[in-house]
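The values are calculated or read from the model by the stated rules, or taken from the named source; none is laboratory data. These numbers come from a predicted model, not from an experiment. Counting neighbours? That spans all protein chains shown, and the Cβs are built from the backbone with ideal geometry, glycine included.
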Ligand SMILES: NC(=O)c1ccc[n+]([C@@H]2O[C@H](COP(=O)([O-])OP(=O)(O)OC[C@H]3O[C@@H](n4cnc5c(N)ncnc54)[C@H](OP(=O)(O)O)[C@@H]3O)[C@@H](O)[C@H]2O)c1
C-alpha cells in the first residue's frame, strides 16, 4: 500500500469552544517500534476530546496533539517488532491521540479485531468506553454477578456501555439520566431501574433496594456525599470524571464505619503495558458479549470529519444518547 505524505485532519487551533476545531493538512505519522499505522474509516468522539479542546486535558508526552482517542479502519503499515497485525487487517483501536485524521499510529497491543457482525462505524465507538468501563467497573470496582450497580450519566457513551456490560455480567443495574427519554434508553439496555435525577432522588431509590455495591460516577461535586450515602456496607465508589467539580466537604466517618472504598482512574496516562492488558481482557471477555449481541455501541449520530466542531457542540449540548462518530 503506497502512503501519501500528508493527510486531512482536524486540529485544536487554540483552547476554546467547539469552533476552535479546524480542518488542516498535516504529515502522515510513521509507526515506530511496536506500533501500527491505521487508515481511519471512522473515529469516535468522547467527552475527554472536549476537555482537551478546552485546554483542560493535555495529551501525554509523545502523543499526537490532534484530538481523537479511538478509531476503526485498516492497518496501512506496521512498525518493527509487530507480529499480530499485517497490512490490510481491519481493526479498532484505542489511540494515544490523533484520531481526528485520515491516519493515526498506536501501539499494536491497543488494537483489537472488529467483532464479528459489527461494521467499522460501530466498532470505532467501542475502544474508549470498553477500556474505561472494563478497567473501572470490573478490575478496579470488582463488580460481581448479583450485585447492585449504579451508573450515573446512564445515557452517555460510557453509561450505555456500562449498563450493557454490567447486565451481561449478571449484576442488577441502576442508572441515572436527565430526561424520561434518556431513562427509557437506559431501561432498553438492561437497567432494571432508571432514575430521572431531575425528578427523583437516587439516594432514596438505592436505599430502598439495600444500597449500591458499586457506583461508577462521572459527576462528582454534590454527588460525592450522596454517593457515599447510597452505597451499601462494603460498597465501592469509582470516580472517572468530575463534571460538577472536584471539591466538596465529606464526612469520612461514614467511609470508615461502613467499610467503603473510594477510588478512581483515568485511562489515558496509564502505561502501554496496562492498556495492552485491558485490550487482551476485552478480547477474551467482552468481545464475545458483542458478538452475541449483549453489548452493542448505541449510535447517536455521525458527522463528516470536517464537521468535528458540530459533533462537539452536539455532545456538549447533552441531548445525545450514546456515541457520536466522525466519518473520515
Ligand atoms: N476516567 C477515564 O478514563 C474516562 C474515560 C472516558 C470518559 N471519561 C469521562 O466519562 C464521562 C462520560 O464520557 P462520555 O464520552 O460518555 O461523555 P458523554 O456521552 O458526553 O456523557 C456525559 C453525560 O453526563 C451526564 N451529566 C450528568 N451530570 C452532568 C453535568 N453536571 N454536566 C454535564 N453532563 C452531565 C449527561 O447526561 P444527562 O442529561 O443525564 O445529565 C451526559 O450524557 C465524561 O465526563 C468523560 O470525561 C473518563
If we ask which residues in the stretch 102-147 are in contact with a helix residue (DSSP H, G or I) (Cβ under 7 Å, 6 or more places away or on another chain), outside any loop (DSSP other than H, G, I, E, B) and closer than 29 Å to residue 192 by Cα, their number turns out to be 8
Would you confirm whether any residue within the stretch 274-295 is in contact with a strand residue (DSSP E or B) (Cβ under 6 Å, 6 or more places away or on another chain) and free of Cβ contacts under 8 Å to residues at least 60 places away in the same chain? no
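For the stretch 59-70, name all the residues that are surrounded by 12 or more Cβ atoms within 10 Å (Cβ to Cβ) and either in contact (Cβ under 8 Å) with a residue 60 or more places away in the chain or in a loop (DSSP other than H, G, I, E, B) (or both).
Once the filter is applied, which keeps residues that are surrounded by 12 or more Cβ atoms within 10 Å (Cβ to Cβ) and either in contact (Cβ under 8 Å) with a residue 60 or more places away in the chain or in a loop (DSSP other than H, G, I, E, B) (or both), the stretch 59-70 yields 59, 63, 64, 65, 66, 67, 68, 69.
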Those residues that are more than 20 Å from residue 9 (Cα to Cα) and out of contact with any helix residue (DSSP H, G or I) (no Cβ under 7 Å at 6 or more places or on another chain), I need them from the stretch 297-313; list them, please. 300
Residue 150 - would you say it is in contact (Cβ under 8 Å) with a residue 60 or more places away in the chain and within 16 Å of the ligand (Cβ to nearest atom)? yes
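Out of everything in the stretch 154-168 that is part of a loop (DSSP other than H, G, I, E, B) and more than 15 Å from residue 212 (Cβ to Cβ), what residue ends up being farthest from the ligand (Cβ to nearest atom)?
By that ranking, first place goes to 155.
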Being in contact (Cβ under 8 Å) with a residue 24 or more places away in the chain, surrounded by fewer than 16 Cβ atoms within 10 Å (Cβ to Cβ), outside any helix (DSSP H, G or I) and in contact with a helix residue (DSSP H, G or I) (Cβ under 7 Å, 6 or more places away or on another chain) narrows it down to one residue among 244, 234; which is it? 244
Residue selected from the stretch 119-133 under the condition in contact (Cβ under 8 Å) with a residue 24 or more places away in the chain and more than 15 Å from the ligand (Cβ to nearest atom), by the criterion farthest from residue 279 (Cα to Cα): 121
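So that you can scan it fast, the table gives a plain yes or no per residue for (1) touching a residue at least 12 places away in the same chain (Cβ under 8 Å); (2) closer than 25 Å to residue 125 by Cβ; (3) more than 16 Å from the ligand (Cβ to nearest atom):
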{"site": "10", "(1), (2), (3)": "yes, yes, yes"}
{"site": "15", "(1), (2), (3)": "yes, no, yes"}
{"site": "25", "(1), (2), (3)": "yes, no, yes"}
{"site": "37", "(1), (2), (3)": "yes, yes, yes"}
{"site": "49", "(1), (2), (3)": "yes, yes, no"}
Filter the stretch 12-28 for residues that are buried (at least 19 other Cβ atoms within 10 Å of the Cβ) and either within 14 Å of residue 97 (Cα to Cα) or out of contact with any helix residue (DSSP H, G or I) (no Cβ under 8 Å at 6 or more places or on another chain) (or both) and give the result. 12, 28
Restricting the stretch 194-225 to residues that are part of a loop (DSSP other than H, G, I, E, B) and more than 10 Å from the ligand (Cβ to nearest atom), the one nearest to residue 249 (Cα to Cα) turns out to be 201
On the basis of being under 22 Å from the mean Cα position of the chain (by Cα) and farther than 24 Å from residue 111 by Cβ, does residue 12 make the cut? yes
Is the stretch 1-9 home to any residue that is surrounded by fewer than 20 Cβ atoms within 10 Å (Cβ to Cβ), at pLDDT below 95 and touching a strand residue (DSSP E or B) at 6+ places or on another chain (Cβ under 7 Å)? yes
Selected residue [under 27 Å from residue 51 (Cα atoms) and more than 15 Å from the ligand (Cβ to nearest atom)] from 298, 228, 291, 238: 228
For the stretch 98-118 the number of residues that are surrounded by fewer than 21 Cβ atoms within 10 Å (Cβ to Cβ) and within 16 Å of the ligand (Cβ to nearest atom) is 0
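From 191, 175, grab the single residue that is within 15 Å of the ligand (Cβ to nearest atom), in contact with a helix residue (DSSP H, G or I) (Cβ under 7 Å, 6 or more places away or on another chain), within 21 Å of residue 129 (Cα to Cα) and part of a loop (DSSP other than H, G, I, E, B). If you could, list the steps in order and put the result at the bottom.
Values: 175 fails: part of a loop (DSSP other than H, G, I, E, B).
After applying the criteria, what remains is 191.
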Condition broken by residue 251, with the remaining ones in (1) under 30 Å from residue 97 (Cβ atoms); (2) more than 9 Å from the ligand (Cβ to nearest atom); (3) loosely packed, with under 15 Cβ neighbours inside 10 Å satisfied: (1)
